[in-house]
Every structure is written in C-alpha cells, then in structure tokens.
Amino acid sequence: MPLNWKTPGPSPITRTHLPVDAMPHLTLPLLGGLSFAPLISSPRLQDLPPLPPVSLMKAAYSSLKAKARLLMVDAWCLDNPLPRYYSFPVSLTPQLFMGLGKLIAGRIHQMRAQKRYLAAHPSWSSPDTSCLCPLCGEEQETFSHAVQRCPPNAAARSRHLQGLTSVGPDASLSSSVSLLSSLAAYIKATSTNYPPGMFTSLSPSPASMVFPSPPASPLLGGLLSSSPPGPV
C-alpha cells in the first residue's frame, strides 16, 4: 500500500511484509543452531508447551549473546574496514591499558593505531618526513622499535621492561597488569610518543610516579596519573 492515499501505487504491484513482520527475520542469523530462543514464561499463554529448565534457558541466552557480539563485530568491520596496517583485534570491551590514565593510555592508543608522534607512523600533517628513529637513526621508529630496540633507551628498558617480549597483537601485554605497569613507567621515563618539546620547562616526575611499586588491583593505582616525564 502507498504511504499516502494520493500516492500512486507501484507498477507492477509489489508485496512486502509490514515492518513489524519483517523484524523477526532480522533474528534469523542469531537463532541459527539454537533449538529454541530464550523466552520467559507467561501465565497468559496457557496453550504453549512448557519451557525448558532454567539452566538450559540461561545457556541458550549466553550462546545468543555471544553470537550477537560476534555478528556485531563482523558488521562493524564490514561497514568500517580497518586500515591494513592495524593488526590488533577489534573488541567490544575496553582495553585493560585504559586504566592507565588519560595521558599514558593515549600514548599506547596512538602507538597501537600507528598515528601521531612516532616517525614511522602514518601522519596526515607531515607525510614527507623521515621514518627513521630520531634518537638512533638505525631503523624506522615503530611501536616495537621505540619500546623494545631503540639503543639510547637501553638503560630504561633494562630497568622497566625485563618481562616484556613483544608489543604485538598476540603478546600477553594487553592482558597483564604488571607488564602494562612496566610499560607505563618506561613511557614516562623515556617520553616515548610524547609531543615534541612537551614539558621541557617543567621539573621531573617524582621517583614514586616513575618507578611505582606493583599495583595491588587492576586499577593500577598512582601510576595512572598524567604527570610530566622525568629523565631516564
């Protein structure tokens, strides 16, 4: 039917479902593989067969929720494809390093996304600059080089990053509070991925903020502050 009585009907005539009838079809990708949808019992529907046990209903709901999240991620990546250089998996939950505070979490976000102040990362503001590390000039200044291999930062790396073996997408860094704490201390001490000239006129950070004791909880304690960096 046309939306307005003055609107001529389509030619040839097409038949479609009403929107409310079409909505259940949107759940078909979710319900595939499930023997039933997790419903709730209703005393007003006496003619329906009894529902399965509560434990089975909870399992069906958990399965449905997990599948919905996977479909959401797939749709997200399809509508907004990731850049070819971004190798980290897409997640619907906040990353653990987000607990490191605004400044440090921002440095890690930018290095993972390969955007901002490391010389080898794509930049819309200075596309013609050299990709070589400005500290050593030996190789391109990538996330892994700045954290794991840059010779001028060897002392800070030896002090803070003894247990860190990789910063890649498959590394245990993303799920380890102790490794993230160590990385945060290293970033503070070396000013890794800081804006050029940032805090040059300010006094160094207190030692307690550069070399904190291991945090007692995932909140990461005082390490999460965004105080200026100190010298190595």
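The values are calculated or read from the model by the stated rules, or taken from the named source; none is laboratory data. Every value quoted in this text rests on a predicted model; they were computed, and no experiment measured them. For neighbour counting, all protein chains shown are included, and Cβ atoms are generated from backbone atoms with ideal geometry for every residue, glycine included.
Brief remarks on what is shown
- LEU92 in a loop (DSSP other than H, G, I, E, B) and at pLDDT 90 or above: no
- All conditions in (1) within 24 Å of PRO83 (Cβ to Cβ); (2) touching a residue at least 12 places away in the same chain (Cβ under 8 Å) hold for PRO152, with the sole exception of (1).
- Of all the listed residues (SER191, SER130), the sole one being farther than 30 Å from ALA68 by Cβ and surrounded by 15 or more Cβ atoms within 10 Å (Cβ to Cβ) is SER191.
- Filter result for LYS65 (on the phi < 0 side of the Ramachandran plot and under 15 Å from the mean Cα position of the chain (by Cα)): no
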